[in-house]
Amino acid sequence: MSGRAFRRAVNKEYELVSRPKSAEDDSDQAEEESDYEQQKTNLFDLLNEGIDDEEEQKSDENEKAKQEKVIIESLVPTKSISSKKKKKKKKISEKSFVKDKENHQKIDNSSKEFSDKFDSLSNVQKNVDSKETFSMSSNIKFLTVDTRLLDADGEMKRMFSSRIVDREIRDRNYIRTIRKTLLAKPRQTWPPIIKFGLGMDLVEEKDGIYNFEFTHSQQYQTAQISFLQCIATHDSSTIFGLLQKNPYHIDSLLQISDIYKMSDDHAMSSEFIERALYAFEKSFHIKFNISKGISRLSYNKFENRAFFLALFRQIQSLSRRGCWQTSFEFSKLLLSLDPVNDPLCVLHIIDYIGLKAKQYEYVISFTNEWEHYNLKNLPNFSYSSAMAKFQSELKELKELKESNNMNVSHEESMAMLEKAILYFPTVVPLIVKKCDIQLDSDIEENEFLHETSPKNFLNLLIDLYVEQNSPLWTQPEVISWFQTAIINVVVKLQVPSYKASLSDKEFSAAFVHGRKIRENLFDDQIPLDISRYIIVSENSKFLGRLPAVANRSINLYDPLPPPDGTNPYSVHTVGPIDGNIIDLQRFLGRVPNANVQIAERINQIADAANLQAAADRLVEILWGVNNNNLNSNNNEDEITNDNSSMPGGFPQEPDNVENESEFEENENNNENIDDA
């Protein structure tokens, strides 16, 4: 029972027990209260009159004794000759006193019980607060989301003219809702949202952290099974048809978003992602809070994974539009859902997005204080924290220039960059080549910068960092700063007496620690979550380096699920690739001259409903292009090796003439269809 409800019950009980029974009882009770008040007044006066004068004390005590005697005598029944009426009245008075005494005792007990319960409630609240304080580690502050900055339109207004942005906003036909949504704004073109079968339950609350899970009703389960059947048909028009019957089915919305993205219609692709997020938000539990960083979802549960994917694709969409601040807030939200396991590897993008959003202090503090991992031992955070410090110093320098104060140096950021180079030296030649940075040949060809690591995982992380973050190293001030740090490290290794930004002790410690990191910290095997991240981030050039992709099929609505995860729909999965038409996009980068040879085919297909047929046709064209290129180079063995590492379970090369003839027959049939 809450404190307010308990107080109300006590007051009601007090009114019942203190209600007068009769006029005589009322008068007797008034006399008793008068005597009690007189006694209370005298005791108060006794305290206020002081205790220095013994005579006054004695007189007060005598007076008190007399008053107590009077009270006792008035309460004790005396023998007197009276009429029956007086005797009856006297008996009533005695009963009234006894009853009043019991009532007062009952009230006192109730008050004491209320006080005890109130104290108990207060103690419970204090214990809860202490638990929350204990569990709310320093990580929580990095997971809080400013919901005001989740509005991409607001960021666009800050970057560009409000008049231009307002015109674009009007074209989107947003509608006003009674309750403001945070993740997406509904549009007039969207169907009205009603109960569509997606819900959320609170699984556990522990130490101030709330664990939730999405749930599928029987209605939603039917739609999900229909979706899997549509996927198996390899026909996108069936998904459009399913979406007409179930306009807020999540996987259908995300699949169609991918279809539009493949056709370079990013506006429609973004709209379907927003529609999925809007459906999710309408299904949130009342206690699911996206701003405080205390709500968790397990990626092991199939029903939860679509929310992770929707947020990741929203981050991609916002980054493509240049809404870096909004993308940064969504990144924190995605990380807060499962900060320990980080199933989509937000830690490999949040540093880059934070730098683009000019959140320099966040990147520095996050690198130094994140408790789950020592982020300084990762290539991206080792270099990004140094970059954040340098940009922060540049910002401070620009502010001081306006006040004619130039007392700002880059010593701290230079030391951080030197340490990063000592930790991961092979990053240097990759950035130098990628950004076309000029170095002396003696420096550029130094053996330390070209140490090859046998760790596949480490090499992949370094390549991912350079591929993503290299645009940040093209600024002239950054290039000069980078060149100086490289020279300091290389010369210091050759001439120990050379003075770098790091002290001799710090330099030696960083050198030793870096070697330990490279040799002992990273495994040879590439983790499953990194493979999953590469797939959802569309880094097609790295797919061939993922054994997890080579040895298993991929469903883009559930890419590389965790081995211990649950999937109630696994019995309904059909086919090795389950109709993942977007695997075509991943495959494009692996076929020489593919874009040139299929561009005309793409332009010939104008109807969005035939995108699936187009994708199927393009797959066949790609296989023809690939076979022609490989046959011309007499690399028949390469076909088998390449197919074994291809995502999505694409069909292997025909092993016999019968299959090959069938393949050619299907290709001819498709050509006839295209001609028609």
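Scanning the range 425-442 for residues that are among the hydrophobic types (A, V, I, L, M, F, W, C) and either under 18 Å from Leu472 (Cα atoms) or out of contact with any helix residue (DSSP H, G or I) (no Cβ under 8 Å at 6 or more places or on another chain) (or both) yields Val427, Val428, Leu430, Ile431, Val432, Cys435, Ile437.
For the subset of the range 274-303 comprising residues that are among the charged types (D, E, K, R) and either in contact with a strand residue (DSSP E or B) (Cβ under 9 Å, 6 or more places away or on another chain) or buried (at least 22 other Cβ atoms within 10 Å of the Cβ) (or both), which member is farthest from Val340 (Cα to Cα)?
Arg275
One residue stands out among those in the range 185-241 that are more than 25 Å from Asp338 (Cβ to Cβ), of a type in the set (A, V, I, L, M) and not in a helix (DSSP H, G or I): the one that is modelled with the highest pLDDT, which is Ile193.
Only a single item in (1) touching a Gly at 6+ places or on another chain (Cβ under 9 Å); (2) at positive phi is not met by Gly197, and it is number (1). So for the range 530-538 (the condition being more than 21 Å from the chain's Cα centre (by Cα) and at pLDDT below 90), does at least one residue qualify? No: the range 530-538 contains no residue that is more than 21 Å from the chain's Cα centre (by Cα) and at pLDDT below 90. Is the range 322-332 home to any residue that is among the small types (Gly, Ala, Ser), without any contact (Cβ under 8 Å) to a residue 40 or more places away in the chain and buried (at least 24 other Cβ atoms within 10 Å of the Cβ)? Yes.
Could you grab the pairs with beta carbons closer than 9 Å, sequence gap of 6+ or different chains, first residue in the range 206-218 and in the same structural domain as Lys287 (by TED's automatic domain parsing) and acidic (Asp, Glu), second one at pLDDT 95 or above and part of a loop (DSSP other than H, G, I, E, B)? Pairs that qualify, where the first residue is in the same structural domain as Lys287 (by TED's automatic domain parsing) and acidic (Asp, Glu) and the partner is at pLDDT 95 or above and part of a loop (DSSP other than H, G, I, E, B), are Glu213/Ser298. Exactly one residue among Ile273, Ile250, Ile256 is of a type in the set (Val, Ile, Thr), more than 27 Å from Val145 (Cα to Cα) and touching a helix residue (DSSP H, G or I) at 6+ places or on another chain (Cβ under 6 Å), and that residue is Ile256.
Residues in the range 473-522 that are surrounded by 13 or more Cβ atoms within 10 Å (Cβ to Cβ), assigned to a helix (DSSP H, G or I) and of a type in the set (Ser, Thr, Tyr): Thr484, Ser508.
The numbered conditions (1) surrounded by fewer than 19 Cβ atoms within 10 Å (Cβ to Cβ); (2) under 30 Å from Gly208 (Cβ atoms) are all true for His266 except (2).
The values are calculated or read from the model by the stated rules, or taken from the named source; none is laboratory data. Because the structure is a prediction, the values reported are computed rather than measured. Positions of Cβ are generated from backbone atoms using ideal geometry, with glycine treated the same way; all protein chains shown enter the neighbour counts.
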